[in-house]
Amino acid sequence: MQQLKSDEWRNKAKGIVKAEIVLRNLSYSDVAEKLKELGIEETPQNLSNKISRGAFGADFMLQVLTAIGCDEIRIR
C-alpha cells in the first residue's frame, strides 16, 4: 500500500465525511440538527470549517457519521 502524507490523509477523511453527507442529501444545517439530537452542539458554519480543513479527530468523524446514519464506510 502506498504511504500517504498527512495532508493526503486529511483529504481522504474529508472526502469520506463529505461523500456520506452528500449521499444522504443533507446540508450542514441538517447535520448540525442530527448532532444536536446526540447532545453535540455544532453550528453549520463550524461543521463546514472543520470538514473543509479535514483536520478533525476520529471522535468528530464518528459523531458525524453516526448522526447521519452511516453504518459502513469504504476506505479504499
Condition first: charged (D, E, K, R), open to solvent by 60 Å² or more (accessible area, probe 1.4 Å) and either under 9 Å from the mean Cα position of the chain (by Cα) or more than 20 Å from R74 (Cβ to Cβ) (or both). Now tell me which residues in region 8-49 satisfy that. K18, D30, E33, K34, K36, E37, E41
On the given criteria, is G39 touching a residue at least 40 places away in the same chain (Cβ under 8 Å) and on the phi > 0 side of the Ramachandran plot? no
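Somewhere in region 5-12, is a residue in contact with a helix residue (DSSP H, G or I) (Cβ under 6 Å, 6 or more places away or on another chain) and not polar (S, T, N, Q)?
Going residue by residue through region 5-12, those that are in contact with a helix residue (DSSP H, G or I) (Cβ under 6 Å, 6 or more places away or on another chain) are none.
Checked region 5-12: no residue is in contact with a helix residue (DSSP H, G or I) (Cβ under 6 Å, 6 or more places away or on another chain) and not polar (S, T, N, Q).
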Could you tell me whether region 53-69 includes any residue that is over 24 Å from D7 (Cα atoms), over 9 Å from the mean Cα position of the chain (by Cα), surrounded by fewer than 18 Cβ atoms within 10 Å (Cβ to Cβ) and touching a residue at least 40 places away in the same chain (Cβ under 8 Å)? yes
Checked pairs for region 3-17, first more than 15 Å from A58 (Cβ to Cβ), second open to solvent by less than 50 Å² (accessible area, probe 1.4 Å) and not polar (S, T, N, Q), C-beta under 7 Å and 6 or more apart or across chains, list as N11/G54
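The values are calculated or read from the model by the stated rules, or taken from the named source; none is laboratory data. Just so it is clear, the structure is predicted and the values come from calculations on it, not from any experiment. Virtual Cβ from ideal backbone geometry, glycine too; neighbours counted across all protein chains shown. Quick note on the areas: whole protein, heavy atoms, side chains included, nothing else; ligands and nucleic acids left out. Shrake-Rupley method; radii C 1.70, N 1.55, O 1.52, S 1.80 Å.
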